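Just below is one structure, and these are the notes that go with it.
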Amino acid sequence: MSPTLPSLGLVALGGALGSAARFALSGWVLHHTVSWRFPLGTFVVNLAGCLAIGLLAGAGERYGLFSAETRLLLMTGLLGGFTTFSAFGLETLHLLRRGEWLVAGSYVGLSVLLGLALVWIGFGAVAARSG
């Protein structure tokens, strides 16, 4: 599927909103955890994004709520701008380069395991509801 101008606009709008939300949330977390070595701001954003996409995907599958355009806006745009796996990779690299192997390993492991668990919980929470 070739992107059209309206599709790109939806993704761009969602991405701008998601990026702003990511900036606000990770900044707030960082402000409250300045002395931590663990990159908690990105960690919290990634987990929140995993839960949100699980809930949206579950609702979309269970109730057929979202048009293709709405999925572009919410999942590709908003959540694509919100979640921060590129920052995750860079932060992990910095931890490894500083020799903080345990912190880096726990960051990667917890992000992946808890992220997948929250996608599963979010999806299941919507899919399990009978109406």
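All of the numbers you see were taken from the coordinates with simple rules; none came from a lab. Note that the coordinates shown come from a computational prediction; the quantities given were computed from them, not determined experimentally. For neighbour counting, all protein chains shown are included, and Cβ atoms are generated from backbone atoms with ideal geometry for every residue, glycine included.
For the reader, a short list of remarks on this structure follows.
- Positions within the stretch 53-66 being of a type in the set (Gly, Ala, Ser), over 11 Å from Gly115 (Cβ atoms) and under 15 Å from the mean Cα position of the chain (by Cα), in sequence order: Ala57
- Against the criterion of being more than 18 Å from Phe123 (Cα to Cα) and of a type outside the set (D, E, K, R), Phe82 qualifies.
- Consider the stretch 1-17 and keep the residues that are part of a helix (DSSP H, G or I) and hydrophobic (A, V, I, L, M, F, W, C). The one that is surrounded by the most Cβ atoms within 10 Å (Cβ to Cβ) is Leu10.
- Within the stretch 18-131, helices (runs of 4 or more DSSP H) holding 1 or more residues that are touching a Lys or Arg at 6+ places or on another chain (Cβ under 9 Å): 40-63, 85-97, 101-127
- Within the stretch 18-36, the set of residues being surrounded by fewer than 16 Cβ atoms within 10 Å (Cβ to Cβ) and not hydroxyl-bearing (Ser, Thr, Tyr) comprises Ala20, Phe23, Ala24, Gly27, Trp28, Leu30, His31, His32, Val34, Trp36.
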